[in-house]
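Below is one structure; the comments refer to it alone.
The values are calculated or read from the model by the stated rules, or taken from the named source; none is laboratory data. Since this is a predicted model, take the numbers as computed values, not measurements. Don't worry about glycine lacking a Cβ; one is built from the backbone with ideal geometry, like all the others, and counts go over all protein chains shown. Heads up: the accessible areas ignore ligands, DNA and RNA and are worked out on the full protein's heavy atoms, side chains in. Shrake-Rupley method; radii C 1.70, N 1.55, O 1.52, S 1.80 Å.
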Amino acid sequence: LRSYLRDESSRLRLLRRFYEKVQALHQDPEASVDNPLLAFSLIKRLHSDWPNVIYNDKATRNTQELHAGLREMEQELPGAEDLEGAARALMRLQDVYALSVKGLASGVFQRAGQPPLYSPGRRVPLSADDCFHVGKVAYDTGDYYHSIVWLEEAVRLFRLSYGSWNLEDRSSLEDALDHLAFSYFMAGNISHALSLSREFLRYADPRNQRVSRNVAKYKKLLEMGTGTGTRPLQRPNSTLLQSRDAYEELCQRPRAQVGLAGLLGSHSTSGVPPHALLGPLPPQAAPEQLLHLGCSYETNGSPFLLLQPAKKEMVRTQPHVALYHDFITDAEAETIKGLAGPWLQRSVVASGEKQQKAEYRISKSAWLKDTADPVVQALERRMAALTGLDLRPPYAEHLQVVNYGLGGHYEPHFDHATSMKSPLYRMKSGNRIATIMIYLSAVEAGGSTAFIYANFSVPVVKNAALFWWNLRRNGNGDGDTLHAGCPVLAGDKWVANKWIHEHGQEFRRPCSADPQD
């Protein structure tokens, strides 16, 4: 575009120079054409100069070069699916973080009566056309709960700028009014649908037959007493998530929660400074639980960790969740992201005996074998030393690297299989006994790991590793490990997952004497 503007500016400068030259020659209406030189230049100009200027194909060539440039990179540009996904991501952030659409449109990430969840360095507002496109995605799927609020905002912004036009806009006030009126009709608010349809006819084509028929239909329905009362619209629950309210409440909790250091006094630290404590205190934690929460340097009896013990923060005892600070270095994290980047594909989930894409998991992932790079091998050894478990194939899965982009999330789920038909059993090494999740990046807002039934969440801590047991010692799944990856509100979240299976761990994590344990 910069090249096109430069070429067009050059062309227009030449055109203006020709115009100014001709204009100068006509300044004196009394000028005589008796001068043969003047007569010749006039005849030449009228015969050839003007046609050369008018039919010059420089403008066409400039446009063709612009089109060719676009075609050259078209394969790498976002497609319709990407645009729809981005619109759905904004609606997801709106829902999970209870954000005001009017605030989002003005570049503010805020809930009613609450401080902003995120304050960007530069506020980027949405245009009326932007809001229309988000509302249109909802409208096209019959989601009038979301279409109404986004189209309302589009109408408001179009009204403010009515009469002006942006080159890039593909929609207008008329488009927004048309879609909003029908959204209200489908929501049962016929009187408002009638009002908006009349406004459409006033601003657009009064002879639009379709909208005129709608007006007549709305009038008739109102005369019959239909649609006079409005029923509140229910927010759609497309993934049939039963624990949605608890999940969203955990995601909305501020990152700066009470650390354990201030609550546990001298019990809280064993070498790790209090400011490193990032684990949130469970609201219903019993006093006896608190005695087991704190920080320590851990070697786990491994010579590998003697010179550089792991910095362990015990986040919760039931379920057993621990956060290991500074588990990897910045350089290692960048290497792992670089290795995974070219292989990233849309993440899938287990569905019966198959694996498929799902709306409740929006991310991209790739798998790395330990032979991919010495950094991955070193990380595997470190995880084995930390957990004391056997991570050799087939006792553990390959390292899965996941990227959560715009609004990326993973709704509440278990890491372990809850059905014997699960694809996890194809490895012939039992169920997933434990999870290690390494945070490869920081995020500016959102992206916490929320444990639903246990009622606590862990914010993203760059270079830290989160560990938990998925199964009890008796082999049964631990229901308290139901967890979710909250949507990323701002930033680019990268994690690496290591799932460890039961087989091979029989003497490393043996059963206890209590069959219920």
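Heavy-atom accessible area with a 1.4 Å probe sorts D95, D245, largest first, into D245, D95.
The angle between the Cα long axis of helix 58-73 and the longest principal axis of the Cα atoms of the chain comes to about 10 degrees, rounded to the nearest 10. Charge tally around G103: other residues with Cβ under 12 Å, Lys/Arg +1 each, Asp/Glu -1 each, net +2.
Taking GluC sites (Glu not before Pro) across the stretch 19-126, the ones in a DSSP loop with at most 15 further Cβ atoms lying within 10 angstrom of their Cβ are E30.
Derived scalar couplings between HN and Hα for the stretch 402-410 equal 10, 10, 9, x, 4, x, x, 7, 8 Hz in order, rounded to whole Hz, by the Karplus curve 6.51 cos²θ - 1.76 cosθ + 1.60 (θ = phi - 60°), x for Gly and Pro. Expressed in Å, the radius of gyration and Dmax of the Cα atoms of the stretch 1-156 are 27.5, 83. A366: net charge of surrounding residues, Cβ under 12 Å, Lys/Arg +1, Asp/Glu -1, itself excluded? Taking every Cβ under 12 Å from that of A366, the sum is +4. Set the Cα radius of gyration of the stretch 414-507 against 2.2 N^0.38 Å, with N its number of residues, and you get 1.16.
With K and R counted +1 and D and E -1, the other residues having a Cβ less than 9 Å from that of G405 yield a net charge of +1. Summarising the amide proton neighbourhood of N470: residues at separation of 5 or more, or on other chains, whose placed amide H is nearer than 5 Å comprise A434, T435. Given a 1.4 Å probe and the protein chains as shown, L406 ends up with an accessible area of around 110 Å². Accessible surface computed residue by residue for the chain, with neighbouring protein chains in place and a 1.4 Å probe, gives 55 Å² per residue. Relative to the longest principal axis of the Cα atoms of the chain, the long axis of helix 173-186 makes an angle of roughly 50 degrees. Placing +1 on each Lys and Arg Cβ and -1 on each Asp and Glu Cβ, with no other charges, gives the stretch 80-224 a dipole about its Cα centre of roughly 520 debye. Each residue was assigned an accessible area with a 1.4 Å probe, and for Y203 the value is about 90 Å².
For the chain, the carbon plus sulfur part of the accessible surface works out to 54%, probe radius 1.4 Å. For D175, the accessible area of its heavy atoms, probed at 1.4 Å with every protein chain present, is near 50 square angstrom. Compactness ratio for the stretch 80-224: Cα radius of gyration over 2.2 N^0.38 Å (N = residue count) comes to 1.11.
Which of the three applies to the stretch 294-452, rounded, prolate or oblate, going by the alpha-carbon gyration tensor with a ≥ b ≥ c and a/c under 1.5 meaning rounded? Rounded, since a/c falls under 1.5. Note on the stretch 459-517 and the stretch 412-428: Cα centroid distance 14 Å, given to the nearest whole angstrom. In the chain, the longest principal axis of the Cα atoms and the axis of helix 80-96 are about 60 degrees apart.
Charge dipole (Cα centre; +1 on Lys/Arg Cβ, -1 on Asp/Glu Cβ; no other charges) of the chain amounts to roughly 520 debye.
State the three equivalent ellipsoid semi-axes of the chain, derived from the C-alpha gyration tensor as the square roots of 5 times its eigenvalues, in descending order and whole Å.
In descending order, the three semi-axes are 59, 33, 21 Å.
Extent of the stretch 1-76 along its three principal axes (Cα atoms, max minus min coordinate, largest first): 64, 20, 14 Å.
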